[in-house]
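Undergrad: Starting off with a structure, shown below.
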Amino acid sequence: MSTQETHLYSKHGSNVEPKTYIDPSISALRPLNDALTIHQLPIELFLSIFESVLRTEDTAPEYYRQICTLSGVCARWFFMIHHSPQLWTTVTGIIREEAFRSILERSSDNLINFEYKPEVDYDWRYGEVHFAEFFGSASSATSRWRSLVLEIGYHPGNRPSDFLQFPAPNLERLVLKNIQGWDMEDVELFGGDCPNLKHVYLELATCKWSQAAFKGLESLKLFDVFFNSVGTILEIIRESPQLKTLKIGDCAVSEEVPANTQQVSLPNLRFLRVKFDSVDGLTWPTQQFLDHISAPPQCPLYISSEATDEEEDPLEDSLTPTFCKWLFGKQTKEVLEGVESLKLGFNIDEDEVDGSVTHELCSGSTNIKGGIDEVGLGDLRYVQEHIQGLFQRSRAFKTFTTLRLSGGAADFLNNSQFTDLFTGLPTITHLELVKPMWGSPRSSSESLPEGVIFRISAPLQTIKNLTLRDVSPDGILDMVLGVLDDSQAHTQSMSHCRVERLDNGEIHIDQEEFNRVEPVVEVLRNDSRIGKVDVYVAL
């Protein structure tokens, strides 16, 4: 695209590509550009693709870098991007005043997403003045706010929350991270005028809870917020009976639920995660909260439990029985007797000792999902025994288990105590490894006594399907050969679950790794011990 052509298009105000003189050399190339398949798409679909690509960016500055990149492809793309209001609906806090006005103009009457998340150095250098300037500009368009993402760091002047009292009649989503812990208990968010607010995320923001901003929500996420009582949270969500997503993370409480507190009914709840900050290890906040919640039987539950050692009684001071009651106790007889498969996942993040376990039971069209963080071996055995009982009752003709190991949990395959957990469960036919790490902190703390040789565990000899995700291209071949007990495998990390044959292999990679993985896949496809190898590329 020439400078001359760009200049002409940028001055044109209509939605019709302007007719103007273009250099003959460029005109000669136009038919080739027009013939491209992507340019045969309807304009609505074309812009939808642009939006999908741009919306994957985490920050507004990166969003506009990508817009500039796409605009430079050709004159057609430049014109469409600069004359499509729906692509100009994100405003970042570090944007200049001139660019801010330009976005307001180009976005036409579309609602706008405002984002103030300055970098640490930027916040310290420009804090008070810059924050006031940004919201001074943003306040002129409060009727067009669709979402507001606000991270309040260092701010030496007036409370940043004072800027949150503008009416926002079209606001749908609020993300407020009160990093410095500013007092907000006397603030009426948006002056009580936010009738369309449906999604709220609060971090370190203790607010006045009996206000319009916290009523009629569809999703609520609370992190590091202090509450006098679990009852306060119950009263908040009681005002949002249509709630679909509820996440409570590391919230602290000091008092128990009042004795006369009524149960809260959430008939549309689709996801629940509960983790209270409990320095003393007590589990009563989570216990009391779950005891006062009524949700659909298929609502997934994810909790954090104090790890229970193998020697301890998992019923004592543990949330595991409550977890099992929530997931399985509310299911109908038909669902429980139709359980046909289990997806069992274990995850240990890098540099972490405590892991998490997830369960997904499939019964016809019904999925029973849940998970426990900081799980101990005693808790794990309790849940597994509960699941074993379900499969003993099941009338399904053929049952199977999918085992998913993420991060350092891959090392658990070397631990006989771990593999013994599968006794009584359906046959493990699918093994999925996600970014596997060998030699994790957790595995070393639970390793077998010195001198014990790893045995081939019977539950793992039945694996017929292997899936690899986020695995280095350099390690794929060696890992698969290890499973097949091939002498060419350089590592013994997978030899404990070796099998004679794999029916299916799945490799999930990023687009930029395709060229490196392609020759590896070709080798695997020519291996007679593997039935089929599929590659899935994340675009």
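Undergrad: On the given criteria, is PHE289 outside any strand (DSSP E or B) and open to solvent by less than 10 Å² (accessible area, probe 1.4 Å)? Outline the logic, then answer.
TA: Values: outside any strand (DSSP E or B): yes; open to solvent by less than 10 Å² (accessible area, probe 1.4 Å): yes.
Taking the combined requirement at face value, the residue satisfies it.
Undergrad: Restricting attention to region 67-90, which residues are part of a helix (DSSP H, G or I) and surrounded by 16 or more Cβ atoms within 10 Å (Cβ to Cβ)? Spell out the reasoning first.
TA: Within region 67-90, the subset part of a helix (DSSP H, G or I) is 67-71, 75-82, 85-87.
If the condition is that a residue be part of a helix (DSSP H, G or I) and surrounded by 16 or more Cβ atoms within 10 Å (Cβ to Cβ), then ILE67, LEU70, SER71, ALA75, ARG76, TRP77, PHE78, PHE79, MET80, ILE81, HIS82, LEU87 are the ones that fit.
Undergrad: What is the number of the single condition among (1) of a type in the set (Val, Ile, Thr); (2) open to solvent by less than 10 Å² (accessible area, probe 1.4 Å); (3) not in a loop (DSSP other than H, G, I, E, B) that VAL187 does not meet?
TA: Going through the list (1) of a type in the set (Val, Ile, Thr); (2) open to solvent by less than 10 Å² (accessible area, probe 1.4 Å); (3) not in a loop (DSSP other than H, G, I, E, B), VAL187 breaks only (3).
Undergrad: Okay, moving on. Write out, first by first residue and then by second, each pair whose Cβ atoms fall under 6 Å of each other, whose residues are 6+ apart or on separate chains, and whose first residue, in region 204-232, is under 22 Å from THR286 (Cα atoms) and modelled with pLDDT of 90 or more while the second is hydrophobic (A, V, I, L, M, F, W, C) and open to solvent by 40 Å² or more (accessible area, probe 1.4 Å).
TA: ASP224/LEU204
Undergrad: Looking at the structure I just gave you, is THR261 free of Cβ contacts under 8 Å to residues at least 60 places away in the same chain, closer than 23 Å to ASN178 by Cβ and open to solvent by 10 Å² or more (accessible area, probe 1.4 Å)?
TA: Numbers: free of Cβ contacts under 8 Å to residues at least 60 places away in the same chain: yes; closer than 23 Å to ASN178 by Cβ: no; open to solvent by 10 Å² or more (accessible area, probe 1.4 Å): yes.
For THR261, the condition - free of Cβ contacts under 8 Å to residues at least 60 places away in the same chain, closer than 23 Å to ASN178 by Cβ and open to solvent by 10 Å² or more (accessible area, probe 1.4 Å) - is not met.
Undergrad: So is THR429 crowded, with 19+ Cβ neighbours inside 10 Å, in contact (Cβ under 8 Å) with a residue 24 or more places away in the chain and closer than 26 Å to VAL499 by Cβ or not? Can you show your working first?
TA: Working: crowded, with 19+ Cβ neighbours inside 10 Å: no; in contact (Cβ under 8 Å) with a residue 24 or more places away in the chain: yes; closer than 26 Å to VAL499 by Cβ: yes.
It is false that THR429 is crowded, with 19+ Cβ neighbours inside 10 Å, in contact (Cβ under 8 Å) with a residue 24 or more places away in the chain and closer than 26 Å to VAL499 by Cβ.
Undergrad: Give the number of residues within region 232-257 that are open to solvent by 20 Å² or more (accessible area, probe 1.4 Å), of a type outside the set (Asp, Glu) and out of contact with any strand residue (DSSP E or B) (no Cβ under 7 Å at 6 or more places or on another chain).
TA: Residues that pass the stated criteria total 2.
Undergrad: For LEU197, work out the one condition from (1) buried (at least 17 other Cβ atoms within 10 Å of the Cβ); (2) in a strand (DSSP E or B); (3) among the hydrophobic types (A, V, I, L, M, F, W, C) it doesn't fulfil.
TA: Looking at each condition in turn, LEU197 falls short on (2).
The values are calculated or read from the model by the stated rules, or taken from the named source; none is laboratory data. Just so it is clear, the model here is predicted, and its values are computed rather than measured. All Cβ positions, glycine included, derive from the backbone under ideal geometry; neighbour counts span all protein chains shown. Only protein heavy atoms, including side chains, enter the accessible area calculation; ligands, DNA and RNA are left aside. Shrake-Rupley method; radii C 1.70, N 1.55, O 1.52, S 1.80 Å.
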